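**Q** Shown below is the structure under consideration.
The values are calculated or read from the model by the stated rules, or taken from the named source; none is laboratory data. Predicted model, so just to flag it, every value in this text is computed and none were measured. Positions of Cβ are backbone-derived with ideal geometry, glycine not excepted, and every protein chain shown enters the neighbour counts. In case anyone asks, the SASA skips ligands and DNA or RNA and just uses the protein heavy atoms, side chains included. Shrake-Rupley method; radii C 1.70, N 1.55, O 1.52, S 1.80 Å.
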Amino acid sequence: MILKTLFSQLFTKPATNRFPAKYMPKSVLGFLGKVKEGKATLVPPVPVPPRFRGKIAYDREKCIGCQLCIRVCPAKVIEFLPEVKKIRMHVARCTFCAQCVDACPVDALAESPDFLLSDTDRSSAALTVE
Amino acid sequence: MAETQNVYEIPIGPIHPALKEPIRFTFRVEGERIRGVDIRAGFAHRGIEFMAMKRNLIQTLYLSERICGICSISHPITITLAVERAAGIEVPPRAQYLRVIYSELERIHSHLLWAGVAAHELGFDTLLHLTWKVREQVLDLLEELSGNRIDYALPIYGGVRRDVAPEQIPKVEAMVRYYRGLLDELLDAFLRDPSVEARTRNVGILTPKEADSLCAVGPTARASGLSKDVRQDRPYLVYGELGVKAITPRDYGLEPRGDVYDKAVVRLLEVAQSLDLIETCLYEMPEGEITSFPKIPALLAFLKKAEGEGLGWHEAPRGEVIHYIRLEAGVEEPIVWKVKAPTYSNLMSWVPMFRDQEVADIPIIAASIDPCMCCMDRVHVVRDGSPGTVLKEELLRLSRAKTDRVTRHLSPVPRHGGGL
Ligand code: SF4
Ligand code: SF4
């Protein structure tokens, strides 16, 4: 039976999504640069499910500075900014448990579908939410 | 058996980059035969229990999830059961059903992961890729339900954090149908394949008596024919009502021998059992609350006042896991937290399993208890007093060569397994 499966596999689409390109580019960064210039096309990532737990989105206006999210966060992602009574999140540490979202009394935090977060600088703008 | 001077020692480990937890084996070998093994664990002590004493219980919950990446539902479920007993928290019925669904999904993905690893250790990479390809289906469903592909962050003290939404039910049903349809192919590929049988039948035997006296747990014990399953012996959540029965090779019409083959039988049949459990839960699950503490501040305040001790137990994919917790009023952190994971109980079963086996069988026997460490990275061999290093690739090559060897002698002769 396994032979039949294997044989039919030859003619079906591979199970793996070929992200970011059909064939591995020599340099991924170079390839992404080309995508930006419009010289290459990106094979899109597999879409995320509706209730995906990605990078946490923060609504600064809503936040009342109660620090509940800081109390429950297991990974010490969240820093309190006492002067403004707001928070800053260091996403590089985040475990995407969304416990802070559950804890926030005013719904200032939410799960977003963003997950392409790799970076060489852990304090880059993309990895800092405030 | 009297050991002659032809017995050499092969130490394996403790540091293997591929291992989740380093461990050290010292094999005594005579030619190709293993005469004995000494196991030393404890290289990966992370002080997790101590770390918890500096964190409140909610943070500890996510710490428990990180004891093991595969058992990332089993550990949180067990610690919540322990804390709920200590603090006297009721769990709504719907949440109990949901916890069962989530833990059975975890069992499916863990057993399929094991099956793939086992195939790889035997040199059947085709089967590895096939198994791991079909495993994606359950991971996708877990991602759909929890929002995370791994480390699901689902249980919380007093319930669960996410419900199965009505529009998700067809997806769960589709997953159950998918694996039911596939099961026969999987059984065929693993259990009716003559070369898999030749490499696993009568290899790494653990007799029922040994399994019993060494306190083996989970599929390792059940493959030896012990009817031992926490879900059946000390029911918790709604497992009592679901009437779970421990699966042994007898359910497949085989007299248990306790070898690697039997361990595959048990795990594959447990995938089918988990599918049944998920389906039953899905239909019998009552409506209602999914947690008794919808507000996190209320939960934090309640836990701070709680005082007492509690024990939680759960049948993780690898066997029984136990958490003990002690809480003190006015203190947010646990005073004591003790975790016993299944591999700890199964470690000693390796000793009789390795006895008189071949060196080429080391990978598959080590993997057969589904430890949290299953890849050999490198072996240090001291031969005639001069040290040399055998890489993981070499061990894998040995294992593959053996598969080739046994398959070549296979075809025309009717065989009953084990004749190496
Ligand atoms: S998702 Fe979890 S780890 Fe990330 S900031 Fe929120 S609580 Fe902390
Ligand atoms: S819990 Fe919500 S309101 Fe309170 S500090 Fe965090 S983000 Fe702001």
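**Q** Outside any helix (DSSP H, G or I) and on the phi > 0 side of the Ramachandran plot: is that true of A:GLY65 in this structure?
**A** Yes: the conditions hold for A:GLY65.
**Q** Now for a different question. Which one of these is within 13 Å of chain A (Cβ to nearest Cβ), among the acidic types (Asp, Glu) and more than 18 Å from B:PRO317 (Cα to Cα): B:ASP151, B:ASP163? Step through it out loud before you land on a result.
**A** Numbers: B:ASP151 fails: more than 18 Å from B:PRO317 (Cα to Cα).
Among B:ASP151, B:ASP163, only B:ASP163 is within 13 Å of chain A (Cβ to nearest Cβ), among the acidic types (Asp, Glu) and more than 18 Å from B:PRO317 (Cα to Cα).
**Q** So which residues in segment A:51-70 are more than 7 Å from chain B (Cβ to nearest Cβ) and near ligand 1 (Cβ under 10 Å from one of its atoms)?
**A** Start the filter on segment A:51-70 by keeping residues that are more than 7 Å from chain B (Cβ to nearest Cβ), which leaves A:54-67, A:69-70.
Of everything in segment A:51-70, those that are more than 7 Å from chain B (Cβ to nearest Cβ) and near ligand 1 (Cβ under 10 Å from one of its atoms) turn out to be A:GLY54, A:LYS55, A:ILE56, A:TYR58, A:CYS69, A:ILE70.
**Q** Part of a helix (DSSP H, G or I) and surrounded by 15 or more Cβ atoms within 10 Å (Cβ to Cβ) - does that describe any residue in segment B:303-321? Please lay out each step first, then the result.
**A** Keep residues of segment B:303-321 that are part of a helix (DSSP H, G or I), which gives B:303-305.
This time we only want the ones that are surrounded by 15 or more Cβ atoms within 10 Å (Cβ to Cβ), so: B:303-304.
Scanning segment B:303-321, I find at least one residue that is part of a helix (DSSP H, G or I) and surrounded by 15 or more Cβ atoms within 10 Å (Cβ to Cβ), so the answer is yes.
**Q** (1) β-branched (Val, Ile, Thr); (2) within 13 Å of chain B (Cβ to nearest Cβ); (3) free of Cβ contacts under 8 Å to residues at least 12 places away in the same chain; (4) surrounded by 12 or more Cβ atoms within 10 Å (Cβ to Cβ): which one isn't true of A:VAL48, the others all being true?
**A** Here A:VAL48 meets the rest and fails (3).
**Q** Here's a follow-up. Considering only residues that are hydrophobic (A, V, I, L, M, F, W, C) and touching a strand residue (DSSP E or B) at 6+ places or on another chain (Cβ under 8 Å), look in segment B:85-103 and name the one that is nearest to B:ALA165 (Cα to Cα).
**A** The residue in question is B:LEU98.
**Q** Based on this model, can you work out whether B:ARG231 counts as crowded, with 24+ Cβ neighbours inside 10 Å, farther than 30 Å from B:GLY158 by Cα and away from chain A (no Cβ under 14 Å)? It would help to see each step written out before you state the result.
**A** Working: crowded, with 24+ Cβ neighbours inside 10 Å: yes; farther than 30 Å from B:GLY158 by Cα: no; away from chain A (no Cβ under 14 Å): yes.
Against the criterion (crowded, with 24+ Cβ neighbours inside 10 Å, farther than 30 Å from B:GLY158 by Cα and away from chain A (no Cβ under 14 Å)), B:ARG231 does not qualify.
**Q** I'd like the full set of residues that are within 25 Å of the chain's Cα centre (by Cα), farther than 19 Å from B:ARG318 by Cα and open to solvent by 10 Å² or more (accessible area, probe 1.4 Å), limited to segment B:46-83.
**A** If the condition is that a residue be within 25 Å of the chain's Cα centre (by Cα), farther than 19 Å from B:ARG318 by Cα and open to solvent by 10 Å² or more (accessible area, probe 1.4 Å), then B:ARG46, B:GLY47, B:ILE48, B:GLU49, B:PHE50, B:MET51, B:GLN59, B:LEU63 are the ones that fit.
**Q** Continuing with this model, one more query. Take segment B:112-163 and flag every residue that is among the hydroxyl-bearing types (Ser, Thr, Tyr) and free of Cβ contacts under 8 Å to residues at least 40 places away in the same chain.
**A** First, pick out the residues of segment B:112-163 that are among the hydroxyl-bearing types (Ser, Thr, Tyr): B:126, B:131, B:146, B:152, B:157.
If the condition is that a residue be among the hydroxyl-bearing types (Ser, Thr, Tyr) and free of Cβ contacts under 8 Å to residues at least 40 places away in the same chain, then B:THR126 is the only one that fits.
**Q** Of the residues that make up segment A:30-47, is at least one in contact with a Leu (Cβ under 7 Å, 6 or more places away or on another chain), over 30 Å from B:VAL138 (Cα atoms) and within 16 Å of ligand 2 (Cβ to nearest atom)?
**A** no
**Q** Another one. Quick test of your reading of the structure: B:ARG107 fulfils all but one of (1) open to solvent by less than 10 Å² (accessible area, probe 1.4 Å); (2) over 16 Å from the mean Cα position of the chain (by Cα); (3) of a type outside the set (S, T, N, Q); (4) closer than 25 Å to B:CYS281 by Cα. Name the failing condition by number.
**A** In the conditions (1) open to solvent by less than 10 Å² (accessible area, probe 1.4 Å); (2) over 16 Å from the mean Cα position of the chain (by Cα); (3) of a type outside the set (S, T, N, Q); (4) closer than 25 Å to B:CYS281 by Cα, B:ARG107 misses (2) alone.
**Q** Let me ask you something else. Of all residues in segment B:265-302, count the ones that are touching a residue at least 12 places away in the same chain (Cβ under 8 Å), part of a helix (DSSP H, G or I) and either more than 23 Å from B:GLY243 (Cα to Cα) or open to solvent by 20 Å² or more (accessible area, probe 1.4 Å) (or both). Show your work before the answer.
**A** First pass over segment B:265-302, keeping only residues touching a residue at least 12 places away in the same chain (Cβ under 8 Å): B:265-275, B:277-282, B:284-293, B:296, B:299-300, B:302.
Filter once more, so that each one left must be part of a helix (DSSP H, G or I): B:265-275, B:277-282, B:284, B:296, B:299-300, B:302.
Now restrict to residues that are either more than 23 Å from B:GLY243 (Cα to Cα) or open to solvent by 20 Å² or more (accessible area, probe 1.4 Å) (or both): B:269, B:272-273, B:279-280, B:284, B:296, B:299-300, B:302.
Total satisfying the criteria: 10.
**Q** Do we find a residue being surrounded by fewer than 15 Cβ atoms within 10 Å (Cβ to Cβ), away from ligand 2 (no atom under 16 Å from the Cβ) and over 30 Å from B:VAL134 (Cβ atoms) anywhere in segment A:54-65?
**A** No; the residues of segment A:54-65 include none that is surrounded by fewer than 15 Cβ atoms within 10 Å (Cβ to Cβ), away from ligand 2 (no atom under 16 Å from the Cβ) and over 30 Å from B:VAL134 (Cβ atoms).
**Q** Please give the number of the condition B:SER146 fails out of (1) on the phi < 0 side of the Ramachandran plot; (2) open to solvent by 20 Å² or more (accessible area, probe 1.4 Å); (3) at the interface with chain A (Cβ under 9 Å from one of its Cβ atoms).
**A** So B:SER146 meets the others, but not (2).
**Q** Test each condition in (1) within 12 Å of chain A (Cβ to nearest Cβ); (2) open to solvent by 60 Å² or more (accessible area, probe 1.4 Å) for B:VAL196 and report the one that comes out false.
**A** For B:VAL196, the exception is condition (2).
**Q** Is there a residue in segment B:110-121 that is part of a helix (DSSP H, G or I), buried (at least 18 other Cβ atoms within 10 Å of the Cβ) and within 12 Å of chain A (Cβ to nearest Cβ)? Talk me through it step by step, then tell me what you get.
**A** Keep residues of segment B:110-121 that are part of a helix (DSSP H, G or I), which gives B:110-121.
Cutting the leftovers down to buried (at least 18 other Cβ atoms within 10 Å of the Cβ) gives us B:110-121.
Right, trim to within 12 Å of chain A (Cβ to nearest Cβ) and you get B:119.
Yes, some residue in segment B:110-121 is part of a helix (DSSP H, G or I), buried (at least 18 other Cβ atoms within 10 Å of the Cβ) and within 12 Å of chain A (Cβ to nearest Cβ).
**Q** OK, next. Just one of (1) among the basic types (Lys, Arg); (2) within 10 Å of ligand 2 (Cβ to nearest atom); (3) surrounded by fewer than 14 Cβ atoms within 10 Å (Cβ to Cβ) trips up A:LYS76, so point out which.
**A** Of everything listed in (1) among the basic types (Lys, Arg); (2) within 10 Å of ligand 2 (Cβ to nearest atom); (3) surrounded by fewer than 14 Cβ atoms within 10 Å (Cβ to Cβ), A:LYS76 misses just condition (2).
**Q** Does B:GLN59 satisfy being of a type outside the set (Asp, Glu) and part of a loop (DSSP other than H, G, I, E, B)? Reasoning before the result, please.
**A** Details: of a type outside the set (Asp, Glu): yes; part of a loop (DSSP other than H, G, I, E, B): no.
No.
**Q** May I ask you to list the residues in segment A:22-70 that are over 22 Å from the mean Cα position of the chain (by Cα) and of a type in the set (Val, Ile, Thr)?
**A** Across segment A:22-70, the qualifying residue is only A:ILE64.
**Q** Output the residue which, of all residues in segment A:92-121 that are among the charged types (D, E, K, R) and over 22 Å from B:ILE156 (Cα atoms), is nearest to ligand 1 (Cβ to nearest atom). Talk me through it step by step, then tell me what you get.
**A** First, pick out the residues of segment A:92-121 that are among the charged types (D, E, K, R): A:93, A:102, A:107, A:111, A:114, A:119, A:121.
Restricting the remaining residues to those that are over 22 Å from B:ILE156 (Cα atoms) gives A:114, A:119, A:121.
Values: A:ASP114: 13, A:ASP119: 16, A:ASP121: 19 Å.
Result: A:ASP114.
**Q** Next question, about the same structure. Can you tell me how many residues in segment A:85-114 are within 11 Å of ligand 2 (Cβ to nearest atom), of a type in the set (A, V, I, L, M, F, W, C) and either more than 9 Å from chain B (Cβ to nearest Cβ) or surrounded by fewer than 18 Cβ atoms within 10 Å (Cβ to Cβ) (or both)?
**A** Looking only at segment A:85-114, we keep the residues that are within 11 Å of ligand 2 (Cβ to nearest atom), and these are A:85-89, A:99-110.
With the extra rule that they be of a type in the set (A, V, I, L, M, F, W, C), the set shrinks to A:87, A:89, A:100-101, A:103-104, A:106, A:108-110.
If we keep only those that are either more than 9 Å from chain B (Cβ to nearest Cβ) or surrounded by fewer than 18 Cβ atoms within 10 Å (Cβ to Cβ) (or both) as well, we get A:87, A:89, A:100-101, A:106, A:108-110.
Number of matching residues: 8.
**Q** Next up: Residues of segment A:68-93 being more than 19 Å from B:LYS54 (Cα to Cα) and without any contact (Cβ under 8 Å) to a residue 40 or more places away in the chain, which ones?
**A** First, pick out the residues of segment A:68-93 that are more than 19 Å from B:LYS54 (Cα to Cα): A:80-92.
Of everything in segment A:68-93, those that are more than 19 Å from B:LYS54 (Cα to Cα) and without any contact (Cβ under 8 Å) to a residue 40 or more places away in the chain turn out to be A:PHE80, A:PRO82, A:GLU83, A:VAL84, A:LYS85, A:HIS90, A:VAL91, A:ALA92.
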